[in-house]
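The values are calculated or read from the model by the stated rules, or taken from the named source; none is laboratory data. Note that the coordinates shown come from a computational prediction; the quantities given were computed from them, not determined experimentally. No Cβ is skipped: glycine too gets one built from the backbone with ideal geometry, and neighbour counts run over all protein chains shown. All accessible areas refer to the heavy atoms of the entire protein, side chains included, with ligands and DNA or RNA removed. Shrake-Rupley method; radii C 1.70, N 1.55, O 1.52, S 1.80 Å.
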Amino acid sequence: MAQTFASGKGPEEEEIEEAGQVQAQTSSIDDLLDEIDAVLETDAEEFVQGFVQKGGE
Amino acid sequence: MSERVVGTETEFGVTDAKNPGANPVILSAEAVEAYAEAASIGEVVRWDYAGEDPLNDARGYRLQRANAHPSLLTDDPYRLAPSGGVDFEERPGEYERYMQRATSVVLSNGARFYVDHAHPEYSSPETSSALEAVLYDRAGDLLATDVMKLTEARGTHLVLYKNNTDGKGASYGTHENYQVSRDLDFDDIIRVMTPFFVTRPIICGAGRVGIGQHSEQAGFQISARADFVENSVGLETTFNRPIINTRDEPHADHHRFRRFHVINGDANQFDVSTYLRLGTTSLVLAALEQANDLRVEGFALDQDDVQTAWDVSHDLTLTRPIQLRSGKSVTAIELQRMYLQFVRENLNLTPADERVCATWARVLDGLENDLASVASEVEWVGKYLLLNRQRERLGVGWDDPRLAAMDLQWADLRPEKSLVSALDRAGRVKRLFTPEQVREAITNPPTTTRAHVRGRAIGQVPQVVKASWTSIVVDDPKIGKLVRIPLPDPTDAGSPELHAALESGALALVDLFNQS
């Protein structure tokens, strides 16, 4: 026999609310990577070698 | 007991996109100066150094100034904070004004933006919960975006990064601050927090391409900072970094409070990762404050703590066993669950506490059973799944520079370049705040701590010329001297009389305090 729960909170509702419009994940990771390719640095090796920082705390 | 004063500090990576050899100290100063001028309503509000004491060690001694490594001396010669009423100081002369470059500015949201060593740093205002701290941490990142636009307009192609290493041996920090009871024995803090900290990155690490301080070994690891942890307990923050930092500078009544300063967390851009990093730590500290029967030996490691931090970070399977002194052998996930249990057993949880615990439990389950289910919340998982898929597409190993480049672009705070922004636009980052809320948090302070007083004073009273965590300094020609107004209590958000006085201006404010 199925049990019914009176106004029980699901596990997600006990947690912190997500803010703003929840966008459905319309694209796959591959589609996203295709998009990202357009903004990636063209000379990765030079870019990585050029990123030098001083030590901080 | 989720109400406690919490704050974060972010040191940004800094480059000039058109000039790789640019001096980072000058770049950082330019960044701060540009922002300071744009944000100020009167003179730039500088830092009030009276009262800072970075050489005080929590283990009960004070490092002799002459013996301190220069990097510890972040204060100017200081004067003792006043015990009540106001304090007077001579107005600076022309030369002093000229020498006070704007390398530090205090903002109308109560935060501090300044040059720390060779990095711009954002030190958030005091907040009263982990969730609020996430908002004000995000505000710092949005501020960084504003700074880059301002410097671009001046002709400098400044880029700021929210990360912790250049992969070439340098590391810079993302710090957390928790106000705890002075009654809490520091030895207990060391014993209980150490195993917690070495395993905490599994729920909030930012992920990193490269293993070792110089990325000498190819691979991907969970924590960006772990390889730079080298010591168990210590005062240093720029070398020989400890798991437990002993800095004892409460900026509050030191008989009642300690400010626990945590230096080995990763810089996070994912809201839930920051939320868990701060929320879980806050709860474990609260449980420690409440616990009568301290089963501290239950958590104690039977292996080197620093080595454990490295091992946990390098194990993406999350299955490597950790030996405990009790004889048990647990995974990092299981050890984190023990802390969750400790929290549940020792605290009367508020609804806000419950939400942290529910998220903590669900994320641990996700890490154990279905990694993809937490990809929008746990930053290292999001980064790993994205970069590993790219690695497969390219048919290369982790040593390919294109992957290290993506790791850097992950942290690039320019929205058009940032990989996190790309994920965000695709709905792949769980956000706890809207962009509008984050925008407001750059100019409006939290209302539950003394940041409310500091921020509103700076935002409304042009005669405020200096501020610190514990003071605001007013310069009104009618008074003729600088007036230092103390803010000794982090939880005091200001009486209605005080806020009314702020509306009336500098003289009303000084009068209010001079009466007490």
If you count only protein heavy atoms with a 1.4 Å probe, what accessible area per residue comes out for the protein assembly as shown, rounded to a whole Å²?
41 Å²
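Considering Cα pairs under 8 angstrom that are at least six residues apart, work out the relative contact order of chain B and quote it in whole percent. Intermediate values should be presented prior to the final figure.
Details: 1047 pairs, mean separation 117.0, N = 516.
Relative contact order here is 23 percent.
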Once the piece of chain linking B:Thr145 and B:Glu497 is laid out straight, how much longer is it, given 0.36 nm per residue of separation minus the C-alpha distance between them?
123.1 nm
Testing the spin-label approximation: label points 7 Å from Cα along Cα→Cβ at B:Glu90 and A:Glu35. State their distance in nm.
6.1 nm
Quick one: what do you get for the range B:394-462 if you divide its Cα Rg by 2.2 N^0.38 Å?
1.70
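Treating only the Cβ of Lys, Arg, Asp and Glu as charged (+1, +1, -1, -1), what charge dipole size does chain B show about its Cα centre? Round to the nearest 20 debye. Walk me through the intermediate numbers first.
Working: 54 positive and 75 negative charges, 159 e Å.
With Lys and Arg at +1 and Asp and Glu at -1, about 760 debye.
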Angle between chain B longest axis and helix B:332-346 axis [Cα atoms, degrees, rounded to 10]:
50 degrees
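To the nearest 100 Å², how much accessible surface do chains B and A hide from each other in total, with a 1.4 Å probe? Write down the numbers at each step before the final one.
Numbers: alone 21000 and 6490 Å², together 23400 Å².
Roughly 4100 Å².
So what's the back-of-envelope 222 nm ellipticity for chain B, counting only DSSP H runs of four-plus at -39500 (n - 2.57) apiece and dividing by all residues, rounded to 500? Could you put the intermediate results ahead of the total?
Details: 16 runs with 199 residues, N = 516.
After summing the helix terms and dividing by the residues of chain B, the value is -12000 deg cm²/dmol.
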In debye to the nearest 20, how big a dipole does the range B:393-516 give about its Cα centre with +1 on each Lys and Arg Cβ and -1 on each Asp and Glu Cβ?
280 debye
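Filter the cross-link list B:Lys149/B:Lys417; B:Lys168/B:Lys383; B:Lys18/B:Lys149 down to pairs whose alpha-carbon distance in this structure exceeds 18 Å. Please report the intermediate quantities before stating the final value.
On the way: B:Lys149/B:Lys417 14 Å; B:Lys168/B:Lys383 20 Å; B:Lys18/B:Lys149 15 Å.
Those over the limit are B:Lys168/B:Lys383.
Within the accessible area of chain B, what % is carbon and sulfur when the probe is 1.4 Å and the other protein chains stay in place? Before the final figure, lay out the partial values.
Values: 9440 of 19090 Å².
Answer for chain B is 49 percent, counting heavy atoms of protein chains only.
Quick one: net charge of B:Lys478's neighbours, Cβ under 13 Å, K/R +1, D/E -1?
Working: positive: B:Arg91, B:Lys481; negative: B:Asp475, B:Asp476, B:Asp511.
Combined, the nearby Lys, Arg, Asp and Glu give -1.
How many partner chain Cβ atoms sit within 10 Å of a residue's Cβ in peptide A:34-41, on average, as a whole number?
Working: counts 1, 3, 8, 2, 1, 9, 7, 8.
If you average over the peptide's residues, the count of other-chain Cβ atoms is 5.
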For the protein assembly as shown, with equal point scatterers placed on the C-alpha atoms only and solvent neglected, what are the log10 I(q)/I(0) values from the Debye formula at q = 0.07, 0.09 1/Å, to two decimals?
-0.40, -0.67
Partner chain Cβ atoms within 10 Å, averaged over the residues of B:268-278 - can you pull that number for me?
1
Residue-wise HN-Hα coupling along the range B:128-138, computed from phi with Karplus coefficients 6.51, -1.76, 1.60 (Hz; x: Gly, Pro):
10, 7, 4, 4, 5, 5, 4, 4, 6, 6, 4
Debye sum, Cα scatterers, chain B, no solvent: what log₁₀ I/I(0) at q = 0.07, 0.13 1/Å?
-0.37, -1.33
